[in-house]
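Participant: Supplied in structure tokens, the structure appears directly below.
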């Protein structure tokens, strides 16, 4: 549990205590009993609860494998230009929030095997080769968020970059490159060349969209009946 969660947890108990004291004050007041001590305790608890709630909303902890992006409504609104690295940071409570992006490599697999790919069922890429044959390609794309361009990535894609960019571009590039080869070339003489061309294209396109391609793996190639 990080310090922000701890403060918010303590604040919750303080609010519960404050509500409990209000109930007690109401009961004692209905019986025309003194509520002087309870009133002081209620004021103390509400002040503590407000302070802890504000502090808990303002302190954020970024994990070592994360980048934090601060979205703000201050000024003209928008995003802070510099992301938060790992560690404790202070943001303006209730006026700013943190969106988290992973620093670690991410794997997007497209496979004919149901439990291997990112999508359920057969998610292999169907390609018509230059000699008119139908082949099915299984592949994995290993990539990462560019830490120097995470602000631009969020502005363009939010958190949809995997489905709307990585998947779409990878399938399109694989299909386009593979269609320039014949069946025999794909499975034997030109397989390594084809994989390298696909990888080079992905490196360029990913970089233009604020991502880093770590590796492209051509996992399997199947033929139609």
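Participant: With a point put 7 Å past each Cα toward its Cβ, work out how far residue 190 is from residue 34 in nm, to one decimal.
Facilitator: Calculated label separation equals 9.6 nm.
Participant: Which of the following values of percent of Cα pairs over 23 Å apart was calculated from the structure shown: (i) 47; (ii) 64; (iii) 40?
Facilitator: (ii)
Participant: Order of 203-212, 84-93 by packing, highest average Cβ count within 10 Å first?
Facilitator: Values: 203-212: 16.5, 84-93: 14.2.
Averaged packing, sorted descending, gives the order 203-212, 84-93.
Participant: Could you put 154, 136 in order, starting from the residue whose Cβ has the fewest other Cβ atoms within 10 Å?
Facilitator: Values: 154 20, 136 16.
The fewest-first ordering by Cβ neighbours comes to 136, 154.
Participant: Let me ask something additional. Among rounded, prolate and oblate, which fits the stretch 1-94 when a ≥ b ≥ c are the square roots of the eigenvalues of its C-alpha gyration tensor, a/c under 1.5 means rounded, and a/b larger than b/c means prolate? Don't skip to the answer; put the middle values down first.
Facilitator: Values: a/c = 4.89, a/b = 2.73, b/c = 1.79.
Since a/c reaches 1.5 and a/b is larger than b/c, the shape of the stretch 1-94 is classed as prolate.
Participant: Add -39500 (n - 2.57) for each DSSP H run of 4 or more in the chain, then divide by its residues: what number comes out at 222 nm, to the nearest 500 deg cm²/dmol?
Facilitator: For the chain, the value works out to -13000 deg cm²/dmol.
Participant: Order these peptides, 165-174, 144-153, by their mean beta-carbon neighbour count within 10 angstrom, highest first.
Facilitator: Numbers: 165-174: 18.7, 144-153: 16.6.
My ranking of the peptides, most packed first, is 165-174, 144-153.
Participant: Taking the chain as the reference, fit the longest principal axis to its C-alpha atoms, fit the long axis of helix 36-58 to the helix C-alpha atoms, and give the angle between the two in degrees, 0 to 90, nearest 10.
Facilitator: The two axes meet at around 20 degrees.
Participant: OK, next. How far, in degrees from 0 to 90, does helix 191-208 lean away from the longest principal axis of the Cα atoms of the chain, to the nearest 10?
Facilitator: It works out to around 40 degrees.
Participant: Please sort 219-225, 99-105 by packing, taking for each peptide the average over its residues of neighbouring beta carbons within 10 angstrom, highest first.
Facilitator: The packing order, highest mean first, is 99-105, 219-225.
Participant: Between 129, 156, 44, find the one with the highest GNM mean-square fluctuation for the chain; connect C-alpha pairs within less than 10 Å.
Facilitator: With Cα springs under 10 Å in the chain, the top fluctuation among 129, 156, 44 is at 44.
Participant: A follow-up question, please. Distance from the Cα centre of the stretch 29-95 to that of the stretch 158-176, in angstrom?
Facilitator: After rounding, the separation between the Cα centres reads 39 Å.
Readers should treat all values here as calculations from the given coordinates under stated rules, not as data from a laboratory. Everything quoted here is computed from the prediction, not taken from an experiment. With ideal geometry, Cβ positions are generated from the backbone for all residues, glycine too; neighbour counts draw on all protein chains shown.
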